[in-house]
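Undergrad: The structure is given below, and queries will be raised subsequently.
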Amino acid sequence: MPDLDTYLLLMRLLGMDAYKAVIEKRDKREFENLPIPEEILLKVLQATRMAGSGKNRQTGRIVVVAEQEGRNSVAESGDFGDWVKDAAVALVFAIHSDGGLRPDFDIGRMAQNAMIVANSEGLSSCPMTVYRQKELKAALSIPDEYDVPMVIGMGFPANSSKTSRSHPRIPLEDMIYRETWGSI
Ligand SMILES: Cc1cc2nc3c(=O)[nH]c(=O)nc-3n(C[C@H](O)[C@H](O)[C@H](O)COP(=O)(O)O)c2cc1C
């Protein structure tokens, strides 16, 4: 490895600005009526595949739902997901019920990878919680032994997006402690 300054300069020149893609990501729920080019969708999916999982068990699966009828079913499985009907795709995250001790962490890593890469490719996205898993599994032929707790809706952002930067975050000093709880 070159010295640290050279390394940091190289990283910057190579354009690997993951920080920007994370910091500027906001959950948006309004989309243009445009499909996602397959090349970009594959990058997003590749990013989910490379997420690490507990003991590398890799029991997370994704159903990519692009057709209107499927997206309607996905939207109806949530209580706060009507907007999924207008997304280009719904990524339905499924995890085997024997998926390890921390299955939500595993699919959380997959989902965040997807959303960050999507953001860096100019796509908007937002999570949706599934409230009626049984109905969703039936609609998409997902086997019984999988849980489908979360969906990501994704597409190109509508110009009229109202949801941008709408939710402030608590200050860093209110959430990060050093060495022991409460020390900043
Ligand atoms: C676990 C989880 C479940 C969520 N479920 C929903 C949902 O069902 N419907 C929805 O519209 N947004 C959902 N969201 C999105 C949150 O409302 C959003 O992340 C939060 O308000 C911050 O938004 P911002 O990044 O645009 O500031 C969910 C987010 C998380 C992390």
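Please treat every number below as a calculation from the coordinates, not as lab data. What you are looking at is a predicted structure, and each value in this text was computed from that prediction instead of being measured. Cβ sites come from the backbone with ideal geometry, for glycine too, and all protein chains shown count toward neighbours.
Undergrad: Given (1) within 14 Å of the ligand (Cβ to nearest atom); (2) in contact with a Pro (Cβ under 6 Å, 6 or more places away or on another chain), identify the lone condition not met by Gly153.
TA: Looking at each condition in turn, Gly153 falls short on (2).
Undergrad: Hey, could you check region 37-62 for residues that are closer than 18 Å to Met154 by Cβ and β-branched (Val, Ile, Thr) and say which is farthest from the chain's Cα centre (by Cα)?
TA: Ile40
Undergrad: Do we find a residue being more than 16 Å from the ligand (Cβ to nearest atom), outside any loop (DSSP other than H, G, I, E, B), more than 14 Å from the chain's Cα centre (by Cα) and under 25 Å from Asp147 (Cα atoms) anywhere in region 93-113?
TA: Within region 93-113 (the criterion being more than 16 Å from the ligand (Cβ to nearest atom), outside any loop (DSSP other than H, G, I, E, B), more than 14 Å from the chain's Cα centre (by Cα) and under 25 Å from Asp147 (Cα atoms)), the answer is yes, since at least one residue qualifies.
Undergrad: On to the next question. Scan Ala75, Ala47 and give me the residue that is in contact with an Asp or Glu (Cβ under 7 Å, 6 or more places away or on another chain), part of a helix (DSSP H, G or I) and surrounded by 15 or more Cβ atoms within 10 Å (Cβ to Cβ).
TA: Details: Ala47 fails: in contact with an Asp or Glu (Cβ under 7 Å, 6 or more places away or on another chain).
From the options Ala75, Ala47, the qualifying one is Ala75.
Undergrad: Given the criterion free of Cβ contacts under 8 Å to residues at least 40 places away in the same chain, exposed (fewer than 13 other Cβ atoms within 10 Å of the Cβ) and over 18 Å from the mean Cα position of the chain (by Cα), identify the matching residue among Leu34, Leu4. Don't jump to the end; show me each part of the working.
TA: Numbers: Leu34 fails: free of Cβ contacts under 8 Å to residues at least 40 places away in the same chain.
Criteria check complete, one pass: Leu4.
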